[in-house]
1. Magnitude of the Cβ-charge dipole of segment 58-273, K/R +1 and D/E -1, about the Cα centre, nearest 20 debye?
2. Using the Karplus curve 6.51 cos²θ - 1.76 cosθ + 1.60 with θ = phi - 60°, work out ³J(HN,Hα) for each residue of segment 162-175 in order, rounded to whole Hz, and write x for Gly and Pro.
3. If I model a spin label as a point 7 Å beyond the Cα along the Cα-Cβ vector, how far apart are those points for E51 and Q130 in nm?
4. If we count other beta carbons within 10 Å of each Cβ, what is the order of M203, M11, fewest first?
5. Given the Cα-Cα distance of L26 and A264 and 0.36 nm per residue of separation, how much length would full extension add, in nm?
Amino acid sequence: MENKRRLFFLMTPPSIWLLVFFMAPLLIMVLYTFKESTFGSFLPFTWENYEQFAQTPSFFRLLLDSSWLALLTAALSILLAFPVAYYLVFYTGARRITLLTLLILPAWTSFLLRVLAWKVILGSNGLLNQGLIGLGLIQEGVPLLLYSKAAVLITLVYVWIPFAALPLFAAMERIDPRLHEAAQDLGASPGQTFWRVTLPLTMPGIASGFFFVFIPTLGEWVTPSLVGGVDGIMYGNLIQDQFARALNWPLGALLSMVLLVLVATFSYIFNKFIPITEVPVST
């Protein structure tokens with residue numbers, strides 16, 4: 001009984017906090033999807049926003065394109081961060097924490113400044129164009145990648161690589177070195193040790209890093225606004241426009257709820273096929 005009381009007192013404050021600052025706003029957003037207009041009372045309820053969403057193919061197309069871009073961003077971030085984390089854990093010894101700090105050091109600066117930096121790099125007079133001019137490949141500066149999906153992808157991958165490396169680093173650091181020694185004693189090559197010991201035990205970090213990148217990228221709107229242009233617009237830009245420009249909060253709330261359901265569905269499917277709690281080691 002004493003343990004139950006202690007648990008009750010420990011769980012009550014965070015539960016109330018989540019109820020007030022998460023569940024209540026979420027409920028308000030759901031109610032807004034049934035409103036006729038931004039202003040006025042919630043009654044009478046209407047299905048007009050749902051009908052508009054269902055009858056607008058561009059909404060579905062933009063959501064599909066944004067999902068694909070988020071998946072690609074997460075996959076590339078993991079692929080590029082994996083060798084970095086692997087090197088830090090297994091080859092740097094006592095310097096690993098110092099090097100890890102240097103890796104995440106750019107993340108201490110403003111997200112907006114880092115995106116703007118890539119806008120300058122990819123611009124007509126940026127580093128990319130100056131390099132191509134110096135090599136004689138082009139005669140004058142042109143925005144080769146700026147204002148495109150490629151620019152959005154490059155910028156997002158750059159932003160998220162340090163964050164994808166953190167869960168990978170944590171997962172690899174927990175691997176017992178004696179497992180590698182045992183694999184070598186049993187005649188396993190370095191490649192076999194990696195595929196049958198290191199990689200399976202790193203899967204929780206891979207899954208965590210993937211969702212760490214995928215979820216915020218799917219709702220991203222700042223980066224597409226700065227470097228994407230018309231061709232690089234994402235689903236988050238559509239939501240932001242409904243709230244800030246069109247002042248159509250009911251439709252914006254519905255678009256947000258659709259995004260929330262999609263993220264929850266992706267999370268369920270991913271965890272169904274790749275559990276992140278227990279990953280067996282092949283022998």
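FYI, it's all coordinate maths here, none of it is from the lab. As the structure is a computational prediction, the values presented were derived from the model and not from experiment. Cβ atoms come from the backbone with ideal geometry, glycine included; neighbour counts cover every protein chain shown.
1. Roughly 160 debye for segment 58-273.
2. Per residue, the Karplus-derived 3J(HN,Hα) values read x, 6, 6, 6, 5, x, 5, 4, 5, 5, 5, 5, 7, 6 Hz.
3. 5.8
4. Ascending Cβ contact count within 10 Å gives the list M11, M203.
5. Result for the pair: 84.3 nm of gain on full extension.
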